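Take a look at the structure below.
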Amino acid sequence: MSDHVVPAPAVPVVPVFGTASGFPVHRIYCVGRNYADHAIEMGGSGREPPFFFLKPADTVVPVGPGGHEIAYPTLTQNLHHELELVVALGTGGRDIPVERALEHVFGYAIGLDLTRRDLQDEMKQQRRPWDISKGFEQSAPIGPITPAAEVPDVLQAALRLDVNGQVRQSGNVNQMIWSVAEVIAHLSRAWVLQPGDLVYTGTPAGVGAVQPGDVLTAWGEGLAPFTLRVHA
């Protein structure tokens, strides 16, 4: 018998590719403007110190081989896709040195950071927090996680997002301004990282609008691809 006054929320779980196991999600950290071409696309200089924002763990949408369907979110007329390499941490810590950071990685996946861009722009103009543009339901789709040992070349992996069969985003992990190891080290100075944390590591150029009816196919070299359908 539970002594909770309301039902305890379920822990989101992302499948581990090729196994019956799952990866329980603790937190979702996201890196802003971590590819020079996207930073310039969004009005930055192309080389800036890393900055971070968080999404609630329950915004994650695990997408399996059959794909997944989500609803177009409320309060926006300008939903954008952002393709990202996602890092899944198997161990945590504070003040992790860069040279030891990759030892904390369990695996990698391909993911999307969906963004209500019009709300983000409005909040920026008002100099207010823009959590409303990033932390809404189903805003963090992710494919199955592949253990790091199975993708030894992932830090040189090509990334691509197709929308309705047309290439929208294309890049390579090696184009990151701040490497995966540097990102983990930076994060661990601000938070105590935990097993189960996901890190969305930034997006290459080509972000754009998603419309109801669109079919998005996310692909990362050596990783499990996924298809996402958006309905009205």
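Got a sec? Which helices (runs of 4 or more DSSP H) wholly within segment 90-184 have at least 3 residues that are more than 16 Å from the chain's Cα centre (by Cα) and of a type outside the set (K, R)? Don't jump to the end; show me each part of the working.
On the way: elements: 98-101, 117-125, 131-134.
Output list reads 98-101, 117-125.
Would a scan of segment 147-154 turn up a residue that is over 20 Å from T76 (Cβ atoms), touching a His at 6+ places or on another chain (Cβ under 9 Å) and in contact (Cβ under 8 Å) with a residue 40 or more places away in the chain? The answer is no, given that none of the residues of segment 147-154 is over 20 Å from T76 (Cβ atoms), touching a His at 6+ places or on another chain (Cβ under 9 Å) and in contact (Cβ under 8 Å) with a residue 40 or more places away in the chain.
The set of residues from segment 127-175 being crowded, with 22+ Cβ neighbours inside 10 Å, in contact with a helix residue (DSSP H, G or I) (Cβ under 6 Å, 6 or more places away or on another chain) and of a type in the set (A, V, I, L, M) comprises A140, V173.
Looking at L79, L54, L85, just one residue is surrounded by fewer than 17 Cβ atoms within 10 Å (Cβ to Cβ), at negative phi and among the aliphatic types (A, V, I, L, M), and that residue is L54. In segment 201-232, of all residues being in a loop (DSSP other than H, G, I, E, B) and polar (S, T, N, Q), the one that is nearest to V14 (Cα to Cα) corresponds to T201.
Considering segment 1-38 alone, what residues qualify as being under 24 Å from A149 (Cα atoms), hydroxyl-bearing (S, T, Y) and over 15 Å from the mean Cα position of the chain (by Cα)? Correct list: T19, S21.
Values quoted throughout were computed directly from the atomic coordinates according to the rules given, and no laboratory measurement underlies them. None of these values were measured; they are calculated from a predicted model. With ideal geometry, Cβ positions are generated from the backbone for all residues, glycine too; neighbour counts draw on all protein chains shown.
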